[in-house]
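Trainee: Pasting a structure below so you can have a look.
The values are calculated or read from the model by the stated rules, or taken from the named source; none is laboratory data. Quantities reported herein were computed from a predicted structural model and do not represent experimental measurements. Virtual Cβ from ideal backbone geometry, glycine too; neighbours counted across all protein chains shown. Note: accessible area is taken over every heavy atom of the protein model, side chains too, but ligands, DNA and RNA are not part of it. Shrake-Rupley method; radii C 1.70, N 1.55, O 1.52, S 1.80 Å.
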Amino acid sequence: MTWQLGAFGVLAVALAAGFAWYERERPDARIVALVGTLAAFAALGRIAFAAVPNVKPTTDIVLIAGYALGGAPGFAVGALAALTSNFFFGQGPWTPWQMAGWAATGIVGASWAWGMRMRGRRLEAPALGRWPLAIVCCAVGFAFTVLQDVGDWVSFSDHSLAQLGVYVGQGLGFDAVHAAGCLAFALALGPALTRSIQRFARRTKVTWVPLDQAAAPVLAAVLAIGAIGALAVSASRPQTARAAPASPASVTAAAANYLLGSENADGGFGPAPRQPSDQLYTGWAALGLAAAGHDLNRIGDAGGLVDYVRAGAGTRDVGALERTILVVRAAGLSARSFGGRDLLAALDERFRANGSISGQVNLTAFAVLALRADGVGASARTLRWLTRQQDRDGGFSFGGAGGASDVDDTGAALEALAADPAAGGVRSRAVAFLRRQQDRDGGFPSQPGMGSNAQSTAWAIQGLDAAGVSPAGLHRGGAISPLAYLDSLVAPSGAVRYARGVSQTPVWVTGEALMAMAGKPLPVTAPPAAAPPRPPSARPAA
């Protein structure tokens, strides 16, 4: 066997193992989309600087992707960036070496994040520091190019040690140029890119949020390629009624009528009226309508809404599976046999040995709710894992302990832990965190300083409800209550705006807000058989 074939065989096995690792993680469909867009961004960054020898932002992008998303996604971003960019630069024996080098770069980024987490440090860009990030990118960039020198020695030399010294020695100047470029790119863009990818990853599982203005130029190419799809997560204790409705009956009725008028002919809902149906928007619209007292089996011609949800019941996306269980139970149907599947059995298969779903607070809290909707209690192991993810500030983050706490995931964790008698202290600290996050306009932001929005406010309301704290009584600094803030966002059409002056994805936002406005957090129970009929109102404008 020749050196070239032997090296190629080792690299092929390593790359195949890496992609198998990524597949074994069973990433959410929206994380898959994010990995694809980041790989395209890294490849485009390499192509855009083709005229400047060895100065490329690709190493920085891949390392930050691994840092923000984890080892398997970082591996995939690096390997795919090398492969796809070489359709422009040309494929050859160097391609596997570049794929391996950038794949390893993604793993290095994830390992660095793991090390910081083990030391109890936060992972966000401000805590990370501009210079530490730049120095690591510089060192990894130099190591990447040295690996390429070794690859050239394996592929094109007589494999003597003297020739190895020649190849590495001749390449040191180019290696230093690449490392200097990595340093410069990281200093200019690193923290903003890190913060944006982390926030983007959280929002793909929770809600839509506006992109940080400081990072908008950095990710303009990513956002042009990728679709912002998100799985909004909420969680709650068993259904209980508040003493009084969260919002006036006329307001909740207007929001419900808006959703009813937004249904498509196929029974589903899009992000706005007359836009193509999607299971994500359909699921949240259905839960909002169920919270408002509508029988889901009677919505749409011949139960079209339930039929549309049934058609998507075969998904492997665990977040979509959890949401589907909640919708099925809100319709009073069996999750043990729906669309030819036992949805609860499929969910049970997704729990890890430590009790979590994919090691994420977001999905684990939602799984607790899905089980509770069917009258099944979560395991003690799952509840213990969830309580241990609480950050020092009392909040919860999307990925687990050590991340930046946010309102959405704290509300979800509060709801999931509502029935756990051992989590009283955890709930008290989480409530204190939410109280501190309320803005002066009465609403809640997804992240401190980002401005209030309807979806984060809705998840905060449900978390507070689950903890036995009335949202109607929250008036931080003399502000109106979060319920009044939601009411103030209701447009004349009945749609709930995302924020003041922002009407993004109105069907999605209205569906999620309606549960909080109706005072019925998840899991929503099926209404009595005599549900309100669908009003013959015209479809509102988007």
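Trainee: How would you rank 264-277, 181-194, highest first, on the average number of other Cβ atoms within 10 Å across their residues?
Mentor: Final packing ranking: 181-194, 264-277.
Trainee: Right, another one. Taking a label point 7 Å from the Cα of Ala265 along the Cα→Cβ vector, which residues of region 271-314 have an amide N closer than 17 Å to it?
Mentor: The answer is 273-278, 300-305, 308, whose backbone nitrogens lie closer than 17 Å to the label point.
Trainee: How high is the FRET efficiency from Arg381 to Asp301, r the C-beta distance, R0 51 Å, rounded to 0.05? Please report the intermediate quantities before stating the final value.
Mentor: Values: r = 45 Å, r/R0 = 0.88.
E between Arg381 and Asp301, to the nearest 0.05, is 0.70.
Trainee: Let me ask something additional. Could you compute the FRET efficiency for Arg436 and Ala401, with r as their C-beta to C-beta distance and R0 at 25 Å, rounded to 0.05? Numbers along the way, then the final one.
Mentor: Numbers: r = 19 Å, r/R0 = 0.75.
According to the calculation, E is roughly 0.85.
Trainee: Find how many whole Å separate the alpha carbon centroid of region 254-295 from the alpha carbon centroid of region 387-454.
Mentor: Going from one Cα centre to the other spans 28 Å.
Trainee: For the ranges 481-489, 86-94, what's the packing order if you count other beta-carbon atoms within 10 Å of each residue, average per peptide, and put the highest first?
Mentor: Values: 481-489: 22.6, 86-94: 12.9.
For the peptides 481-489, 86-94, the packing ranking is 481-489, 86-94.
Trainee: Moving on. What part of the accessible area of region 318-393, given as a whole %, is carbon or sulfur when the probe is 1.4 angstrom?
Mentor: Summing carbon and sulfur atoms, their accessible area is 43 percent of the total for region 318-393.
Trainee: Within 10 Å, count the other beta carbons around each residue, average over each peptide in 316-329, 250-263, 400-413, and list them highest first.
Mentor: 400-413, 316-329, 250-263
Trainee: When a/c reaches 1.5 or more, the comparison of a/b and b/c decides; with that in mind, is region 351-482 rounded, prolate or oblate per its Cα gyration tensor?
Mentor: prolate
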